1. Go through the stretch 136-156 and give me each residue that's surrounded by 19 or more Cβ atoms within 10 Å (Cβ to Cβ) and more than 23 Å from residue 185 (Cβ to Cβ).
2. Take residue 186 and decide whether it is under 21 Å from residue 72 (Cα atoms) and at pLDDT 90 or above.
3. Go through 159, 176 for me and flag whichever is at pLDDT below 90 and surrounded by 18 or more Cβ atoms within 10 Å (Cβ to Cβ).
4. Specify which of the listed residues (105, 114) is modelled with pLDDT of 95 or more, at positive phi and assigned by TED's automatic domain parsing to the domain that holds residue 136.
5. So, residue 85, is that one in contact with a helix residue (DSSP H, G or I) (Cβ under 6 Å, 6 or more places away or on another chain), under 27 Å from residue 193 (Cα atoms) and at pLDDT 85 or above or not?
6. Can residue 62 be described as at pLDDT below 95, touching a helix residue (DSSP H, G or I) at 6+ places or on another chain (Cβ under 7 Å) and surrounded by 10 or more Cβ atoms within 10 Å (Cβ to Cβ)?
7. Can you give me the number of residues within the stretch 110-143 that are farther than 18 Å from residue 66 by Cβ and under 23 Å from the mean Cα position of the chain (by Cα)?
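The values are calculated or read from the model by the stated rules, or taken from the named source; none is laboratory data. All figures in this text were calculated on a predicted structure; none of them were measured in a lab. All Cβ positions, even for glycine, are placed from backbone atoms using ideal geometry, and neighbour counts span all protein chains on display.
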């Protein structure tokens, strides 16, 4: 009887040990799957310079801020800015065209930069006289193109014209530009690219 009890106890311990080992392996496997999903790489994009006929400094600021925001939120990983500028210059692409590049040009640029997507946009700074001084409103329009086909996929626009701001902010183009960048970045993140 004692031998049988010892034998059953050993069997129970063996079963408990085996179940513990299986659950530990399963937990480790689930953790690896979760980590793999979290480390999913963002699609590669190339940000073409955002153009402005009346304020190139703010256009550069918005371009850089939008790239930083989208990269931080892991919406896109971006091609190097210098490589983008060199590729645009080498290909003779005219980014100042009012309707943007042709489908074939976006496709060729996407291939050159090995980009899944291309972002291209324009901004306008409008000044209006208020009781507090000159208000500097920022209007940004960004289009997303497929890097493989050159087709336009989606677009986003943000304007500060209708937002209520304090006098110090509405006179500061950079602060108005930051508000636009945050707004567009949020819209693009919500789009799920």
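1. 150
2. yes
3. The unique qualifying residue is 176.
4. On the way: 105 fails: at positive phi.
Within the list 105, 114, the selection yields 114.
5. So residue 85 fails the test.
6. For residue 62, the condition - at pLDDT below 95, touching a helix residue (DSSP H, G or I) at 6+ places or on another chain (Cβ under 7 Å) and surrounded by 10 or more Cβ atoms within 10 Å (Cβ to Cβ) - is met.
7. Result for the stretch 110-143: 4.
Let's see how each residue does on (1) more than 13 Å from residue 48 (Cβ to Cβ); (2) surrounded by 14 or more Cβ atoms within 10 Å (Cβ to Cβ); (3) out of contact with any strand residue (DSSP E or B) (no Cβ under 9 Å at 6 or more places or on another chain):
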site	(1), (2), (3)
75	yes, yes, no
78	no, yes, no
84	no, yes, no
87	no, yes, no
93	no, yes, yes
96	no, no, no
101	no, yes, no
104	yes, no, yes
111	yes, no, yes
